[in-house]
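J.: Please find one structure pasted underneath; my questions will follow.
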Amino acid sequence: MQSINRHYNILDFAIASLLRRKGKNLALLTIYTLIVALIASLIFFVQALKREAAALLQDAPDIVVQRLMAGRQDLIGLENIDRIAAIRGVSEVTPRRWGYYYDPVFGANYTVMADAKLAPQAGMATVGLGVAKNQRIGPGDIFTLTAADNSLILLNLEKALPFESELLAADMILLNPADFGKLFAFPANAATDLAVTVANPREMVTIANKIVETVPGSRPIMKSEIIRTYDAIFDWRGGMMLLVLAAALLSFVIFAWDKATGLSAEERRETGILKSIGWETGDILLLKFWEGTAISLTAFLTGVIMAYIHVFFFSAPLFAAALKGWAVLYPAFHLKPFIDPYQLSTLFFLTVLPYTAATILPSWLAASADADSAMRS
Amino acid sequence: MIDLFEVSRIFNAGKPNQFTALDRVSLTINRGELTILKGPSGSGKTTLLSLIGCMGRPTSGRIRLNGIKTSFMPAAEASQELDISSLPERFLTEIRRNNFGFIFQQFNLVRGISVLENVMLPAYPGGEKFDTFRSRALTLLDNFGISQKSATRVELLSGGEMQRVAIARALINQPEVIIADEPTAHLDSKLSIEFMKLITGFRQAGKTVIIASHDPIVYGEPLADRVIEMRDGQMVTGQS
């Protein structure tokens, strides 16, 4: 009980002590909190994006087979479907027709897709919310796309895409195969790529190798590779942002280091007084520990809460442009809240501990002085 | 209560700037006595006070205390003599906190915090309940007639008020011994006389009081049990 009282009493004094330099400590707390909030936002945002993308890619085909021509992706002939389907372990092969359409009026790139299962009727289209917003159209409205032969294709908007996440579907236009063929002058006996479903995921690599043998000039891309690429892209974008933040972070580190380590003459005098009236070196270190912890923990908790609100309630307006990666069509979506305890602990150890340590160390040197120094001041 | 035998204190021993602040001082101070150390600056008064008050350890010689409160010594042994000459800092601090109250020349109050917080300062690390020592501090402030200033920051006080806060702080842990180092150095004669009245009151209440001063108002105090004159680290008169 005595030990708890001691902690409680010293914490009480630590707070009174911090309040003495209200302006300075408040400024420090504000900058510290903003830094934590920015970094935590970045962590939350990248993690949530990765999860969002991974959740969506769960429905992606096990293997996507593309054809390469002179090292570039080319259309793949439908005759390859039967050849791949004949490989043992392949349960389904579906041709996919998709491409990009540049809309010069709105300066946006759309992903146009013709899916046999999801395709609307001829003359109808289903679009992602980003496209609908960009074209300012709603269900029942008519919009046009310019075909490869410069003729206009009139399309009636059926609905917005019913995808779980808008992240990957914001810029999508889903067409009937006939309209798709007309739009791009797409040959009827070809597809952009083939989606291959594999019965046993462990055979994926073997099957991918067999596809290369069976269809010369093909490039099979496995789902794991797609997920890894997305992770890498988001990590890279997160890293870029972190680099931008590094300058701010560095200035804060210098500021905090200076504040925490620069024990003023007044603080040294106080340490002497405390020792002379019966405080042990350990008591003074405890006082400094609570002072440092009060600042750093408050900044950490407030920063993390601010980041949570910024990312999961307001969809991270500060980072959206840099991190989502859409040039024109920003997906308007709310990320599902997700916190990675490992990353949060890392942030804790990188922010709270160094500051607290930087506060304690110089005080330890001052507190080790003889108690009678106060008598001689 | 306090026994010093051949106590010396040498600063920077073995270095070119070696300085002997205290030279083989032997002294006995009995419980409830008012002892005054007088002498010019550099005579060793402050060093002697700091050694008696467990703020440092002597270079040689023995200091023994009798009847002191500690948590590391069984209650049964409390009445026995304890040699503090070579105790580790942790034990010295505890003895200092529980048995000695200090009044410094500059008062040594902590700026920026309130009068009440300053008075409570020595009690914070003791592990006592906050409310208990807070009410004791308020009583002390009331006794010294400054309770109305309890929330005021100390730097806004007058010299006399600061002095009373310093005295209240010295008494917060209910010490047996009160040590004052040049307590009237920054006070006018009227305040110095008031201070001595308070001090003699402590002596009459049974507390042991040791004061170092070269102020005639202090060393001329008629109720003093002993006035020890010091010079060059040695006791000149008043030897026991």
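J.: Inside region B:149-177, can you point out the residues that are surrounded by fewer than 21 Cβ atoms within 10 Å (Cβ to Cβ) and out of contact with any helix residue (DSSP H, G or I) (no Cβ under 7 Å at 6 or more places or on another chain)?
T.: The answer is B:Arg153, B:Glu155, B:Leu156, B:Ser158, B:Gln174.
J.: Could you tell me how many of the residues in region A:81-102 are more than 21 Å from A:Asn200 (Cα to Cα) and touching a residue at least 24 places away in the same chain (Cβ under 8 Å)? Even if it seems obvious, please write down each step before you answer.
T.: Initially, region A:81-102 is screened for residues more than 21 Å from A:Asn200 (Cα to Cα), giving A:96-102.
If we keep only those that are touching a residue at least 24 places away in the same chain (Cβ under 8 Å) as well, we get A:96-99, A:101.
Residues in region A:81-102 being more than 21 Å from A:Asn200 (Cα to Cα) and touching a residue at least 24 places away in the same chain (Cβ under 8 Å): 5 in total.
J.: Moving to a separate point now. Contact list please: Cβ distance under 9 Å, first residue in region A:302-318 and assigned by TED's automatic domain parsing to the domain that holds A:Gln47, second residue open to solvent by 80 Å² or more (accessible area, probe 1.4 Å) and in a helix (DSSP H, G or I), pairs at least six apart or on different chains.
T.: A:Gly303/A:Leu34; A:Met306/A:Leu34
J.: Out of region B:132-169, which residues are within 10 Å of another protein chain (Cβ to nearest Cβ) and out of contact with any Leu (no Cβ under 9 Å at 6 or more places or on another chain)?
T.: Answer for region B:132-169, where residues must be within 10 Å of another protein chain (Cβ to nearest Cβ) and out of contact with any Leu (no Cβ under 9 Å at 6 or more places or on another chain): B:Thr132, B:Phe133, B:Arg153.
J.: In region A:1-20, how many are under 18 Å from A:Ile295 (Cα atoms) and open to solvent by less than 70 Å² (accessible area, probe 1.4 Å)?
T.: Within region A:1-20, residues that are under 18 Å from A:Ile295 (Cα atoms) and open to solvent by less than 70 Å² (accessible area, probe 1.4 Å) number 11.
J.: Would you tally the residues in region B:211-240 being open to solvent by 50 Å² or more (accessible area, probe 1.4 Å) and basic (Lys, Arg)?
T.: Looking only at that region, the number is 1.
J.: Quick test for you: out of B:Thr35, B:Thr47, pick the one residue that is surrounded by 21 or more Cβ atoms within 10 Å (Cβ to Cβ), in contact (Cβ under 8 Å) with a residue 60 or more places away in the chain and within 14 Å of chain A (Cβ to nearest Cβ). If you could, list the steps in order and put the result at the bottom.
T.: Working: B:Thr35 fails: within 14 Å of chain A (Cβ to nearest Cβ).
After ruling out the rest, the residue left standing is B:Thr47.
J.: Could you list, in sequence order, all residues of region B:96-115 that are buried (at least 20 other Cβ atoms within 10 Å of the Cβ), without any contact (Cβ under 8 Å) to a residue 60 or more places away in the chain and facing chain A (nearest Cβ under 10 Å)?
T.: B:Arg96, B:Asn108, B:Val110, B:Ile113
J.: So which residues in region A:21-30 are among the hydrophobic types (A, V, I, L, M, F, W, C) and either facing chain B (nearest Cβ under 8 Å) or open to solvent by 70 Å² or more (accessible area, probe 1.4 Å) (or both)? Break it down into steps so the answer makes sense when it comes.
T.: Here is the first cut: in region A:21-30, the residues among the hydrophobic types (A, V, I, L, M, F, W, C) are A:26-29.
Within region A:21-30, A:Leu26 is the sole residue that qualifies.
J.: Failed condition for B:Ala180, given (1) touching a Lys or Arg at 6+ places or on another chain (Cβ under 8 Å); (2) among the small types (Gly, Ala, Ser); (3) buried (at least 23 other Cβ atoms within 10 Å of the Cβ), with all others met?
T.: Among (1) touching a Lys or Arg at 6+ places or on another chain (Cβ under 8 Å); (2) among the small types (Gly, Ala, Ser); (3) buried (at least 23 other Cβ atoms within 10 Å of the Cβ), B:Ala180 violates only (1).
J.: Across region B:58-68, what is the number of residues that are part of a loop (DSSP other than H, G, I, E, B) and buried (at least 18 other Cβ atoms within 10 Å of the Cβ)?
T.: Qualifying residue count, region B:58-68: 2.
J.: Anything in region A:77-126 that is charged (D, E, K, R) and open to solvent by less than 50 Å² (accessible area, probe 1.4 Å)? List them, or say none. Don't jump to the end; show me each part of the working.
T.: The first filter runs over region A:77-126 and keeps only residues charged (D, E, K, R), leaving A:79, A:82-83, A:88, A:92, A:96-97, A:103, A:115, A:117.
Of everything in region A:77-126, those that are charged (D, E, K, R) and open to solvent by less than 50 Å² (accessible area, probe 1.4 Å) turn out to be A:Arg97, A:Asp103, A:Asp115.
J.: Determine, yes or no, whether A:Phe180 is over 30 Å from the mean Cα position of the chain (by Cα) and of a type in the set (Phe, Trp, Tyr).
T.: On the way: over 30 Å from the mean Cα position of the chain (by Cα): yes; of a type in the set (Phe, Trp, Tyr): yes.
It is true that A:Phe180 is over 30 Å from the mean Cα position of the chain (by Cα) and of a type in the set (Phe, Trp, Tyr).
J.: So, one more: Quick check on region B:79-94. Is at least one of its residues open to solvent by 40 Å² or more (accessible area, probe 1.4 Å), facing chain A (nearest Cβ under 8 Å) and within 21 Å of B:Arg57 (Cβ to Cβ)?
T.: Applying the first criterion (open to solvent by 40 Å² or more (accessible area, probe 1.4 Å)) to region B:79-94 yields B:79-81, B:83, B:86, B:88-91.
Checking which are facing chain A (nearest Cβ under 8 Å) leaves us with B:89-90.
Next, from what is left, pick out any that are within 21 Å of B:Arg57 (Cβ to Cβ): B:89-90.
Yes.
The values are calculated or read from the model by the stated rules, or taken from the named source; none is laboratory data. Just so we're clear, the structure is a prediction, and the values are computed from it rather than from any experiment. When we count neighbours, we look across all protein chains shown, and the Cβ atoms used for this are built from the backbone with ideal geometry, even at glycine. Just so you know, the surface numbers come from the protein's heavy atoms only, side chains and all, with ligands and any DNA or RNA stripped out. Shrake-Rupley method; radii C 1.70, N 1.55, O 1.52, S 1.80 Å.
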